[in-house]
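Comments concern the structure below.
The values are calculated or read from the model by the stated rules, or taken from the named source; none is laboratory data. All of these numbers come straight from a predicted model, not from anything done at the bench. As a convention, Cβ positions derive from the backbone with ideal geometry for all residues, glycine included, and neighbour counts pool all protein chains shown.
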Amino acid sequence: MTNSSDENCPIPVIDCRRDDAADLFRALREKLSPRGDVVSEAGRQRTIELFGEALSPRAVIQRICSDVQTKGMAAVLDYTSRLDRSDLTAETVRVPQEQLEAAVDAANPDFLATVRMIRDNIAEFQTVVLPEDSEIQRDLNGGCVKLRQRHLPMKRVGICVPGGAAAYPSTVLMTAVPAKTAGVREIAVVVPPTKFGAWNTDILATCHEVGVTEVYRIGGAQAVAALAYGVEGIRRVDKIVGPGNLFVALAKQHVFGDVDIDSIAGPSEVVVLADNTARPSFVAADLISQAEHSPGSGVLMTWHEPLIAEVQRELGRQLRQLPRGDLARMSLMDYGALILTKDEKQAAQLTDDLAPEHLHISMSDPESMLQRIQNAGAIFMGHYTPVALGDYVAGPSHVLPTGGTARFSNGLASTDFLKRSSIIQYDRQSLAADAEHVRLMSATEGLTAHGASVDIRLQNS
């Protein structure tokens, strides 16, 4: 792995023609995989300050979730005071409806118009992907078998909205609108009591515009636990969705089983697959746009060797001009790479191995590469489709699998808020037609009561 010169961004380069390339690629893949026990020295000291000992992140989560489960709202308020330095009461933890309405009045009209446009875009797409109920019938022995599949929306969903380093009204849109489109009637939003969270006009106005009336000034693991277990004033939910920091991710993992969750989200990431027609300035901007999340990963995959040096120069130039350029630079140094592959086939194989959250196919014929790709959370086609379009306005949710989990996980959609049930109905004639098959299978498995439950219905009275 080599670095560029000082005038460029020192992002690691992996040359797949070299003998050490496989080891370097495995190291990169390991960096991007979800782990969850790494904590900074500052974080370790903060843990000692709060708990009196150097607990691992997972141990911290177990302590917080257990306290909330056993002590209820008192524990939620205590952790909110200690972690967020915000003193709330059971009466002030919920944002009143009049404050949501006041936020709309105070918000920039242009911002509200954009929010409404995005809301409608998301609803349009999420409506199209909703499944229809299905039914088949079989005629057996003069009788009828009816088989149906029914979809019903979940009754109650919780949404985690970050609010530490920045305000994210897009998270409200990309989670609440798919849930609303699926028919979920009760949506509880939890957002930290910060200037970027529950005290942020844009966040509260967006909640109002998408029809969310239940907003709580809590964040972190204590908010996840409150949604999962239910506490005084906050009823438990059926599913928790939305991004957050390491502790939110681990808390969602901890409560899974008591509730459903969307995923264990890690740092944002993009792989740009680029050929000789890709503009270096576009590619560099794409890599930086995810790296600026800090942490965030940006990986270029190309078989066009001149693009590597050109993107390095562009990265250096653009990073110097951006307010979060230093943060993005560190992310690219730690979690990024410029990978020179032997050919298009190898680029597709390595991309599938990484299974990225975002895949941008920046090629003259992106469709040809799309046919080779199995694993990606969201795929952006062509030179003029940056990931930012998916993050904000296109319609599919930007809540996507990270850390290689796109190999088996999907991005959030309206379908994830549906409960699917199969409905089976036989009459006596059709039961008699299938009875022998049930007897044979139940006898083979030694579960004879299964067969008996059929026989008792067929005995002559």
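Residue count for region 74-92 under the criterion of being surrounded by 20 or more Cβ atoms within 10 Å (Cβ to Cβ) and not small (Gly, Ala, Ser): the result is 5. Scan region 352-383 residue by residue and report those that are small (Gly, Ala, Ser) and assigned to a loop (DSSP other than H, G, I, E, B). Listed by number, the residues that qualify are Ala355, Ser364, Ala376, Gly377, Gly382. Taking region 55-146 as the region of interest, the helices (runs of 4 or more DSSP H) fully inside it that hold 3 or more residues being among the polar types (S, T, N, Q) are 57-71, 109-128. Scanning region 330-382 for residues that are free of Cβ contacts under 8 Å to residues at least 60 places away in the same chain and under 12 Å from Met301 (Cα atoms), we see that the one that is surrounded by the most Cβ atoms within 10 Å (Cβ to Cβ) is Asp352.
Only one of the listed residues (Ala265, Ala249) is within 18 Å of Thr402 (Cβ to Cβ) and either of a type in the set (D, E, K, R) or assigned to a loop (DSSP other than H, G, I, E, B) (or both). That residue is Ala265. For region 147-179, the set of residues classified as within 20 Å of Phe247 (Cα to Cα), of a type in the set (A, V, I, L, M, F, W, C) and part of a loop (DSSP other than H, G, I, E, B) consists of Val161, Ala165, Ala166, Ala167, listed by residue number. If you go through region 399-418 and keep only what is buried (at least 24 other Cβ atoms within 10 Å of the Cβ) and either in the same structural domain as Ile122 (by TED's automatic domain parsing) or part of a helix (DSSP H, G or I) (or both), you end up with Ala406, Ser414, Phe417.
Assessment of region 186-197 against the conditions (within 27 Å of Glu292 (Cα to Cα), modelled with pLDDT under 95 and among the aliphatic types (A, V, I, L, M)) yields no matching residue. The residues listed here are Gln69, Gln137, Gln97; of these, the one that is loosely packed, with under 13 Cβ neighbours inside 10 Å and either in contact (Cβ under 8 Å) with a residue 24 or more places away in the chain or touching a His at 6+ places or on another chain (Cβ under 6 Å) (or both) is Gln97. Scanning region 180-226 for residues that are part of a loop (DSSP other than H, G, I, E, B) and under 18 Å from the mean Cα position of the chain (by Cα) returns Val191, Gly219. The residue that is nearest to the chain's Cα centre (by Cα), counting only those in region 294-336 that are of a type in the set (D, E, K, R) and not in a helix (DSSP H, G or I), is Arg324.
If you take the residues in region 106-133 that are out of contact with any strand residue (DSSP E or B) (no Cβ under 9 Å at 6 or more places or on another chain) and closer than 21 Å to Ser421 by Cα, which one is surrounded by the fewest Cβ atoms within 10 Å (Cβ to Cβ)? Step by step, filter region 106-133, then rank; the result is Val128. Per the conditions (1) assigned to a loop (DSSP other than H, G, I, E, B); (2) farther than 26 Å from Thr171 by Cβ, the sole criterion not satisfied by Gln349 is (1).
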